[in-house]
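The values are calculated or read from the model by the stated rules, or taken from the named source; none is laboratory data. The structure presented is a predicted model; accordingly, all values stated were derived computationally and were not measured. FYI the Cβ positions are ideal-geometry reconstructions off the backbone, even for glycines, and counts take in every protein chain you see.
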Amino acid sequence: MTCVDWYVAVDVGNTAIKVVIADAVQNAPEQSDCNNSGYPQQTFLWEDPAWIDSLCGWVHHQTGGASSSWWIATVNHAASGRLHQSVAATFPDAAWMELCHQQVPMKVDVDFPDRLGIDRLVGAYAASLRFPVPVIVVDAGSAVTVDWVGNDPSGQRVFGGGAILPGIRLQHAALASGTEGLRRTLHDLQDQDRQVESRPNTPFAPAKNTVDAIRLGVLAAVAGGIERLTDDYALRLNSDGDGEIRGQIATPQLVLTGGDSPLISALLRVPHRCAANLVCLGLLDLARRQCQKAGGRLK
């Protein structure tokens, strides 16, 4: 059995690739720590044609080229395949683990488990280790997923399904493409979004032009959708089979992750927590779990 020095967790999404690196020698931080302050981390965008070289170069800089084990959650297998080729060339001794559903120790209660995005399952697993269950996990990226994690009668963690909404930029693009004369760029909208992040809980006011009206509608739809789903999931938790409420209503923990989570956090009017790069944290949890089962740091 060969030891490794670093774990490299990679979340391959539809618009970005998130990478978090952990020293395999040091003990893991407390699982309740969701700020990732001790981990080198970086995001690489698809729009950069050199993203693979940039990613491998950054990891090499962080690790000094030392031995590494790469743990991958991908919803884009063509892209992760290209990355695998580059990793094999740049890090010849690196191990590569592209996760499938069976490798995540969590029960899945959905109609078609094999069709569930592995990122949703790994994020749910990570949340279940860091927050009291039941927990609602919102991953805000190209799409916004609002997923339920509960317990079965034996106390085992269960991914219970969820909802998928179009993400903020996807909705902006869809509405802008169908609006004649729209000249405001997405960059301008992102500048306004950063202003919202700096002034959380500001009430929505009627927009005075088409661009701002689109932006207002998108933000209200996403925030309102999350709040509505959170309420309905809580009702499900507290009701019996006939829909009757059982005693005092318990509120599940709401957790936000994903690239747009800071913006959505500023909009929500319900209590919640933020956990950056939750999928990557779940990958690191699984890497350490496998190594503990094997009795050492695996390659």
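Values computed for the structure shown
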item: Of all residues in the range 95-123 being touching a helix residue (DSSP H, G or I) at 6+ places or on another chain (Cβ under 8 Å) and free of Cβ contacts under 8 Å to residues at least 40 places away in the same chain, the one that is nearest to Thr251 (Cα to Cα); result: Leu121
item: Ala88 being in contact (Cβ under 8 Å) with a residue 60 or more places away in the chain and either closer than 19 Å to Val146 by Cβ or not basic (Lys, Arg) (or both); result: no
item: Qualifying residue in the range 208-225 (condition: in contact with a Ser or Thr (Cβ under 9 Å, 6 or more places away or on another chain), on the phi < 0 side of the Ramachandran plot and at pLDDT 95 or above); result: no
item: Test: residue in the range 72-81 that is in a strand (DSSP E or B), modelled with pLDDT of 90 or more, closer than 21 Å to Arg130 by Cα and touching a Gly at 6+ places or on another chain (Cβ under 9 Å); result: yes
item: Positions within the range 141-162 being closer than 14 Å to Asp119 by Cα and among the small types (Gly, Ala, Ser), in sequence order; result: Gly141, Ser142, Ala143, Gly161, Gly162
